[in-house]
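Novice: Dropping the structure in here first, questions after.
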Amino acid sequence: MNIVVLRYGGLGDILLATPLLKVLKQHFSAASITFVTESGNTGILKNSTLVTSTIGLDKETRASLQGSYSKGCSIRKNVGKVDLYVNLQPSLKSIALGFGLVAGATWTFKKDRRIQAATGKVRHAIDDFLNVIPGGIPLGADRRMEFVIPQDAKSNSDTIANNLDIDIAKSIVINPAGTRDINRWPPEKLAEFINWIDTDLPGYTPVLIGGPGDVWLEEAIISNLGRPIKSLVGKLTLQELGAVMQASAVTVTGDTGPLHIAAAVGARIVCLSGAADPDRTGPSNNPLDLVVINRSLPCVPCQGRSCKRGDIACMTQMSVESVANAVERRIKAG
């Protein structure tokens with residue numbers, strides 16, 4: 001049996017769909033699962049036990065109906081008869097890719113942001129993806145995301161940290177990055193928080209993490225601090241980043257890609273949430289994980305891409321004290 005699953009987007013978009021891949025693997029144990037995504041994101045499922053292969057589509061191919069249809073034909077030619085197409089990116093172009101696949105059956109994702117009667121909350125994105133299965137979310141489905149950290153990534157991250165005199169097990173790992181301003185705690189607040197760790201949290205060390213594109217945030221934080229800080233920004237692969245968060249005392253991050261890696265690998269999390277709705281995309285697997293959010297603001301969570309108020313109050317007014325309290329509670333929770 002051949003299954004093709006399509007999902008574009010970033011880290012979170014893909015990792016939040018991995019519980020669905022688990023269900024597919026469980027119910028169709030002999031199936032070959034081909035995961036189709038953006039060309040730059042094929043490494044997210046590197047070493048995954050859930051997919052047989054991953055195919056990346058470039059922007060030009062994804063942008064046209066003809067390109068998408070041709071890619072579907074190409075995939076069908078390579079994998080053979082497609083029995084099931086799981087379309088987690090519904091659009092005319094993904095439908096065109098489906099026409100090229102000529103699949104025996106198609107399941108199409110439908111985003112649902114309604115308040116659920118059973119919980120009084122919006123459905124978490126993990127459950128939204130699971131709900132694509134005919135008949136709804138399977139009873140007892142494993143909702144844990146998968147992100148595989150190979151042994152060499154753990155060894156490499158240990159070596160990198162040791163060379164920088166960083167004890168990861170006693171580190172408060174801080175991800176200052178976010179795709180948009182509306183998802184980031186300001187550098188001046190992060191600098192205050194780092195000072196709090198150094199002054200009031202004996203035995204723990206603040207450590208910055210992030211990709212090569214986050215160096216400007218590192219520099220802004222250091223500028224506000226007026227001194228250097230331990231940093232792994234731009235020094236780790238995705239798998240090494242996962243290893244660092246998994247081994248850290250606590251990971252502090254906004255609702256962005258690394259949050260979902262942290263959740264997938266079982267890191268201890270304090271999530272800083274403003275525009276994003278934690279009921280939908282926040283940490284969901286470990287009840288000990290904490291979310292700092294100011295729901296007294298009438299616009300929170302707006303789930304917007306930019307702030308209509310213009311001041312991003314949900315993040316700029318988030319107090320250092322509230323984050324510090326959450327970190328202390330998460331450490332004590334174990």
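Conditions (1) more than 21 Å from Val327 (Cα to Cα); (2) in the same structural domain as Ser322 (by TED's automatic domain parsing); (3) among the hydrophobic types (A, V, I, L, M, F, W, C), marked per residue:
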| site | (1), (2), (3) |
| --- | --- |
| Ser155 | yes, yes, no |
| Asp167 | no, yes, no |
| Ile174 | no, yes, yes |
| Pro186 | no, yes, no |
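Novice: Now for a different question. Just name the residue that is surrounded by the fewest Cβ atoms within 10 Å (Cβ to Cβ) out of those in the range 190-220 that are under 26 Å from Arg180 (Cβ atoms) and among the small types (Gly, Ala, Ser).
Specialist: Once the filter is applied, the top-ranked residue is Gly213.
Novice: Look at Val23 and say whether it is touching a residue at least 12 places away in the same chain (Cβ under 8 Å), in contact with a strand residue (DSSP E or B) (Cβ under 8 Å, 6 or more places away or on another chain) and among the aliphatic types (A, V, I, L, M).
Specialist: no
Novice: Could you list, in sequence order, the residues of the range 288-332 that are among the small types (Gly, Ala, Ser) and either in a loop (DSSP other than H, G, I, E, B) or in contact (Cβ under 8 Å) with a residue 60 or more places away in the chain (or both)?
Specialist: Matches in the range 288-332: Ser296, Gly304, Ser306, Gly310, Ser319, Ala324.
Novice: Here are Gly100, Gly120, Gly104: which of them is over 17 Å from Gln66 (Cβ atoms) and modelled with pLDDT of 95 or more?
Specialist: Gly104
Novice: For the range 164-183, enumerate the residues that are assigned to a helix (DSSP H, G or I) and aliphatic (A, V, I, L, M).
Specialist: Ile168, Ala169, Ile182, listed by residue number.
Novice: Just name the residue that is nearest to Asp289 (Cα to Cα) out of those in the range 138-148 that are among the aliphatic types (A, V, I, L, M) and in contact with a Ser or Thr (Cβ under 9 Å, 6 or more places away or on another chain).
Specialist: Here the residue is Met145.
Novice: Restricting to the range 75-109, count the residues that are part of a loop (DSSP other than H, G, I, E, B), surrounded by 18 or more Cβ atoms within 10 Å (Cβ to Cβ) and polar (S, T, N, Q).
Specialist: Number satisfying all stated conditions: 1.
Listed here are the residues, each with its yes/no results for (1) of a type in the set (D, E, K, R); (2) within 25 Å of Pro19 (Cα to Cα); (3) within 22 Å of the chain's Cα centre (by Cα).
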position	(1), (2), (3)
Leu45	no, yes, yes
Thr52	no, yes, yes
Glu60	yes, no, no
Leu84	no, yes, no
Ile115	no, yes, no
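Novice: Quick one: which of Ile222, Ile209 is more than 21 Å from the chain's Cα centre (by Cα) and either acidic (Asp, Glu) or under 15 Å from Ile194 (Cα atoms) (or both)?
Specialist: So the residue among Ile222, Ile209 that is more than 21 Å from the chain's Cα centre (by Cα) and either acidic (Asp, Glu) or under 15 Å from Ile194 (Cα atoms) (or both) is Ile222.
Novice: What's the total number of residues in the range 95-110 that are within 26 Å of the chain's Cα centre (by Cα) and at positive phi?
Specialist: 0
Novice: Further, regarding this structure: Go through the range 42-72 and report how many residues are in a helix (DSSP H, G or I) and either touching a helix residue (DSSP H, G or I) at 6+ places or on another chain (Cβ under 6 Å) or outside the structural domain of Val82 (by TED's automatic domain parsing) (or both).
Specialist: Result for the range 42-72: 8.
Novice: Say we look at the range 110-163 and pick out the residues that are in a helix (DSSP H, G or I) and of a type in the set (Val, Ile, Thr); which of these is surrounded by the fewest Cβ atoms within 10 Å (Cβ to Cβ)?
Specialist: Residue satisfying both the conditions and the ranking: Thr159.
Novice: Go through the range 213-234 and count every residue that is in contact (Cβ under 8 Å) with a residue 24 or more places away in the chain, part of a loop (DSSP other than H, G, I, E, B) and under 17 Å from Ile172 (Cα atoms).
Specialist: Summing the residues that are in contact (Cβ under 8 Å) with a residue 24 or more places away in the chain, part of a loop (DSSP other than H, G, I, E, B) and under 17 Å from Ile172 (Cα atoms) in the range 213-234 gives 3.
Novice: Also: Every residue in the range 1-41 that is in a strand (DSSP E or B), surrounded by fewer than 21 Cβ atoms within 10 Å (Cβ to Cβ) and in contact with a Gly (Cβ under 8 Å, 6 or more places away or on another chain), please.
Specialist: Glu38, the sole residue that qualifies.
Novice: From the list Gly67, Gly9, Gly100, which one is of a type in the set (Gly, Ala, Ser) and in contact with a Phe, Trp or Tyr (Cβ under 7 Å, 6 or more places away or on another chain)?
Specialist: Going through Gly67, Gly9, Gly100 in turn, just one is of a type in the set (Gly, Ala, Ser) and in contact with a Phe, Trp or Tyr (Cβ under 7 Å, 6 or more places away or on another chain): Gly100.
Novice: Something else: Looking only at residues that are farther than 18 Å from Asp181 by Cβ and at pLDDT below 95 in the range 284-328, which one is surrounded by the most Cβ atoms within 10 Å (Cβ to Cβ)?
Specialist: Ser284
The values are calculated or read from the model by the stated rules, or taken from the named source; none is laboratory data. As the structure is a prediction and not an experimental result, all values here were calculated from the model. When we count neighbours, we look across all protein chains shown, and the Cβ atoms used for this are built from the backbone with ideal geometry, even at glycine.
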